[in-house]
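The values are calculated or read from the model by the stated rules, or taken from the named source; none is laboratory data. Remember, predicted model here, so these are calculated numbers, not experimental data. All Cβ positions, even for glycine, are placed from backbone atoms using ideal geometry, and neighbour counts span all protein chains on display.
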Amino acid sequence: MRGFTFAISDFFRNLFNWRGRLSREGYWLAWFFVQIVGAALIRLSGIAASLFSQDIFVVSCVIANLIWGLVMHFSLLFAAMRRYRDSGKPGWLALIFDGLGRLCLKGSVIWLLFFFVLSGIGNIFPDDDRKVLYVFGGGFFVFAAGVILCIVNILFLIRKSDPECV
């Protein structure tokens with residue numbers, strides 16, 4: 001338990017710091033904590049929105065969840081940069097594999113959901129059905145690129161620490 005509390009306090013102490021090092025255990029404990037808190041916030045805001053049906057309260061819960069997600073996205077990116085440096089790799093690689101990978105995944109999911117909703121409403125491109133395939137194909141291509149980048153990122157994040165790197 002002491003390692004968990006130290007990892008979380010170290011994570012919040014270096015929230016937007018990309019310099020330094022971060023152990024493998026410290027990164028994954030912080031990542032786990034962020035995911036649990038994010039899921040709990042989403043669940044609590046859903047419960048609160050059902051109890052209090054005022055629109056301003058629902059909107060404020062959504063905004064709070066978006067702010068939490070945005071702050072934790074960048075803080076986990078900086079933690080990944082410190083983790084890359086700890087394993088002997090340059091920290092800027094995290095911008096490519098971690099940052100771009102998550103951006104591709106999130107963006108393609110939003111892209112595909114948006115066009116699935118539009119295609120359910122009606123025909124998006126009434127003059128040419130091939131355009132629909134191009135739109136969905138592009139979304140799936142970006143999604144696949146994000147998956148590949150995230151897999152490479154995980155492989156870099158699970159590497160052992162290099163005691164000789166600075």
* Structure fact -> Residue set LEU113, LEU155, LEU103; condition surrounded by fewer than 16 Cβ atoms within 10 Å (Cβ to Cβ), part of a helix (DSSP H, G or I) and under 13 Å from the mean Cα position of the chain (by Cα); output residue LEU103
* To do: Answer yes if at least one residue in region 4-14 is within 26 Å of PHE156 (Cα to Cα) and at pLDDT 90 or above, and no otherwise.
  => no
* Just to be sure, is ALA48 in a helix (DSSP H, G or I) and either of a type in the set (Asp, Glu) or in contact with a Cys (Cβ under 8 Å, 6 or more places away or on another chain) (or both)? -> yes
* Asked: Given the residues ALA80, ALA40, ALA49, which is the only one that is modelled with pLDDT of 90 or more, outside the structural domain of ILE148 (by TED's automatic domain parsing), of a type in the set (A, V, I, L, M, F, W, C) and surrounded by 14 or more Cβ atoms within 10 Å (Cβ to Cβ)?
  -> ALA80
* **Test for TRP31: is it in the same structural domain as VAL147 (by TED's automatic domain parsing) and at pLDDT 90 or above** => no
* Structure fact -> When region 84-94 is checked residue by residue, the ones that are at pLDDT below 90 and in a helix (DSSP H, G or I) are ARG85, ASP86
* Asked: When you scan region 1-36, how many residues do you find that are closer than 18 Å to GLY88 by Cα and outside any helix (DSSP H, G or I)?
  -> 7
* **Filtered residue count, region 51-64, keeping only those that are among the hydroxyl-bearing types (Ser, Thr, Tyr) and in a helix (DSSP H, G or I)** => 1
* Which numbered condition trips up ALA39, out of (1) in a helix (DSSP H, G or I); (2) in contact (Cβ under 8 Å) with a residue 40 or more places away in the chain; (3) among the small types (Gly, Ala, Ser)? -> (2)
